[in-house]
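Participant: My structure is below; once you've seen it, I'll send some questions.
The values are calculated or read from the model by the stated rules, or taken from the named source; none is laboratory data. Keep in mind it's a predicted model, so treat the numbers as computed, not measured. No Cβ is skipped: glycine too gets one built from the backbone with ideal geometry, and neighbour counts run over all protein chains shown. Each accessible area value is taken on the protein alone, full model and side chains, heavy atoms only, with ligands, DNA and RNA left out. Shrake-Rupley method; radii C 1.70, N 1.55, O 1.52, S 1.80 Å.
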Amino acid sequence: MAVTVRLPGSLRDAVGGANKVEAKGATLEEVFGDIERRHPGFRALVLDDGGAIRTYVNVYIGDQDARASGGTKAPVSDGAEIMVIPAMAGG
Amino acid sequence: MRGTILEHIGGTPLVPLPRIGAGLRARLWAKLEAFNPGGSVKDRAALWMVLAAEADGRLDGARTILDATSGNTGVALALVGAVRGHRVQLCMPDKVSEERKRIARAFGATIVLTDPLEGTDGAIVEARARAARDANLVYVDQYSNDANPLAHRETTGPEIWEQSGGAVTHFVAGVGTSGTVVGVSAALRRRGVRIVAVQPDQALHGIEGWKHMASALRPAIWNESVADLHLTVGTDDAVAMTRRLAREEGIFSGPSGGAAVLAAARVAADEAGNIVVLIADGGERYLSTPLWG
């Protein structure tokens, strides 16, 4: 599946300055793995050592919170828009 | 203010942290700002900013208070506005926890949700744009308003001095708008207190209310030279300390509280004295987040 992943300012340096990246995968895990292959270090910013979404990051697949759809096992459909945002807002 | 809940802003407890502080060279003391009526340290700045805007004529009862906020300042402004009879409009990033939106609305504020991908910087940009095109909005701008640090110079700092009997040697706080650090520094540095400013260690972090200054819009009131020491903490370590605060000291804090105490403990390991660390809010506002999941 080909998807678009939109990123907050705090993650753009990790992907060369882009505010969105195109990626492939059938699950969120595969999508992040695809981004990691092109931008090493990205995965560790959004997933913890156990492979779960970091507590201070929220991921939306369309309008759905990915945590409610299985976390990193959440399926993604072709053309989906994924949004990675900080769960907490700076001061 | 007299005869209203606003009288009870400030005067928050200062309590020791005997378990977390055990074995350290300095004693640790926590200033518990969740005891403010609005639930956070921001009540102080909100009150002083609103009173200043009334005093200089900008707020005349017909105009609406506006600010950009990640949540606590919004709640505080909404509370102060409700008591003082002003409408309040808040620009807040979408997708922040529901608690802060609901509480602000409960006090009567209207909320403009901004692009979550742009965080509070996006909320600031939106607030500036709205203020520029609508003369009925009074943009109090906590990031640039001198009344913000002034509140801390006149209340938080003196309280700490009095409550500690003049024994405080260090003050530790996180930097968001920077009002707390700037204001308390102005009050206490001249009394020989060492000021420690703390930030998140990277741009993507979970320390609500704090700014990673290198990657964020810089508050106009911030000046690094007000602090003697600058430290950074990571979110995972901050969360671990936040949990320790609850389970060992009975203090239910937001993640910034754990972050500040973690930094304070690092200082306490190396330097003797009485370290006061400011815990900005309570844990209730984060119950819907994975922090307490």
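Participant: Tell me, rounded to the nearest percent, the portion of alpha carbon pairs in the stretch B:157-293 spaced more than 20 Å apart.
Facilitator: Distances greater than 20 Å cover 44 percent of the Cα pairs.
Participant: What's the FRET efficiency of B:Asp237 with A:Ala2 using the Cβ-Cβ distance as r and R₀ = 41 Å, to the nearest 0.05?
Facilitator: 0.65
Participant: Relative to the compact globular guide of 2.2 N^0.38 Å, what is the alpha carbon radius of gyration of the stretch B:105-197, as a ratio?
Facilitator: 1.38
Participant: Tell me, what are the semi-axes, in whole angstrom and largest first, of the equivalent ellipsoid of the stretch B:57-117 as set by the roots of 5 times the Cα gyration tensor eigenvalues?
Facilitator: Each semi-axis is √(5λ); the values are 21, 12, 8 Å.
Participant: What span do the alpha-carbon atoms of chain A cover on each of the three principal axes, reported in whole Å from largest to smallest?
Facilitator: Taking max minus min along each principal axis of the Cα atoms, chain A gives 34, 26, 24 Å.
Participant: Are there any trypsin sites (Lys or Arg not before Pro) in the stretch B:46-121 that are in a DSSP loop and have at most 15 other Cβ atoms within 10 Å? List them by number.
Facilitator: Of the trypsin sites (Lys or Arg not before Pro), the ones in loops of the stretch B:46-121 whose Cβ has at most 15 other Cβ atoms within 10 Å are B:Arg58.
Participant: Mind listing the Cα extents of chain B along all three principal axes, in Å, largest one first?
Facilitator: Projected onto the principal axes, the Cα atoms of chain B cover 56, 38, 34 Å.
Participant: Percent of Cα-Cα pairs per 5 Å bin, from 0 to the last occupied bin, for the stretch B:82-125, please list those.
Facilitator: In order of increasing distance, the bins hold 6, 25, 28, 21, 14, 6, 1 percent.
Participant: Return the FRET efficiency for the residue pair B:Arg128, B:Ala214: r is the Cβ-Cβ distance, R0 is 30 Å, and the value is rounded to the nearest 0.05.
Facilitator: 0.90
Participant: What is the antiparallel percent of DSSP beta bridges lying wholly in chain A, to the nearest 5?
Facilitator: In chain A, DSSP labels about 80 percent of beta bridges as antiparallel.
Participant: Next question, about the same structure. For the stretch B:90-247, just say rounded, prolate or oblate: build the C-alpha gyration tensor, square-root its eigenvalues into a ≥ b ≥ c, call rounded for a/c under 1.5, and beyond that prolate if a/b exceeds b/c, oblate if not.
Facilitator: prolate
Participant: On each of the three principal axes of the Cα atoms of the stretch B:97-158, give max minus min coordinate, whole Å, ordered largest first.
Facilitator: Rounded to whole Å, the extents work out to 38, 29, 25 Å.
Participant: Another one. Pop a pseudo-label 7 angstrom from the Cα along the beta-carbon direction at both B:Ala62 and A:Ala68 and give the gap in nm to one decimal.
Facilitator: Result for the modelled spin labels: 4.4 nm.
Participant: Write down the percent of antiparallel bridges among all DSSP beta bridges whose residues are both part of chain B, to the nearest 5.
Facilitator: Of all bridge pairs located within chain B, approximately 15 percent are antiparallel.
Participant: All other residues with a Cβ under 14 Å from the Cβ of B:Val168 taken together, and with Lys, Arg as +1 and Asp, Glu as -1, what is their net charge?
Facilitator: So the environment of B:Val168 carries a net charge of +2.
Participant: If you don't mind, there's one more thing I want to ask. Could you state the accessible area per residue of chain A in Å², with a 1.4 Å probe and every protein chain left in place?
Facilitator: 44 Å²
Participant: Related question: Relative contact order for chain B: what percent, with Cα pairs under 8 Å and sequence separation of 6 or more?
Facilitator: 22 percent
Participant: Also, I was wondering about something else. With a cut-off of at most 12 other beta carbons within 10 Å, and DSSP calling the residue loop, which chymotrypsin sites (Phe, Trp or Tyr not before Pro) in the stretch B:141-222 qualify? Please list them.
Facilitator: Loop-located and lightly packed - none at all.
Participant: Now for a different question. Can you classify the protein assembly as shown as rounded, prolate or oblate using the Cα gyration tensor, where a ≥ b ≥ c are the square roots of its eigenvalues, rounded means a/c under 1.5, and otherwise it's prolate if a/b beats b/c and oblate if not?
Facilitator: It comes out oblate by the Cα gyration axes.
Participant: Under the 0.36 nm per residue contour assumption, what length would be gained going from the current alpha-carbon distance of B:Asn136 and B:His8 to full extension?
Facilitator: My answer for the length gained is 43.1 nm.
Participant: Report, to one decimal in Å, the Kirkwood hydrodynamic radius for the stretch B:1-96 based on all distinct Cα pairs.
Facilitator: For the stretch B:1-96, the Kirkwood estimate is 15.0 Å.
Participant: Let me know the shape class of the stretch B:154-204, please: from the alpha-carbon gyration tensor, a ≥ b ≥ c as square roots of the eigenvalues, rounded when a/c is under 1.5, otherwise prolate if a/b is greater than b/c, or oblate.
Facilitator: Verdict is prolate for the stretch B:154-204.
Participant: Show the residues, 5+ positions off or on another chain, whose built amide H is closer than 5 Å to the amide H of B:Cys91.
Facilitator: Those qualifying (amide H under 5 Å, at least 5 residues apart or on another chain) are B:Asp67, B:Ala68, B:Thr69, B:Val112.
Participant: Next up: Can you tell me what share of the DSSP beta bridges in the protein assembly as shown is antiparallel? A percent to the nearest 5 is fine.
Facilitator: If we restrict to bridges inside the protein assembly as shown, about 35 percent are antiparallel.
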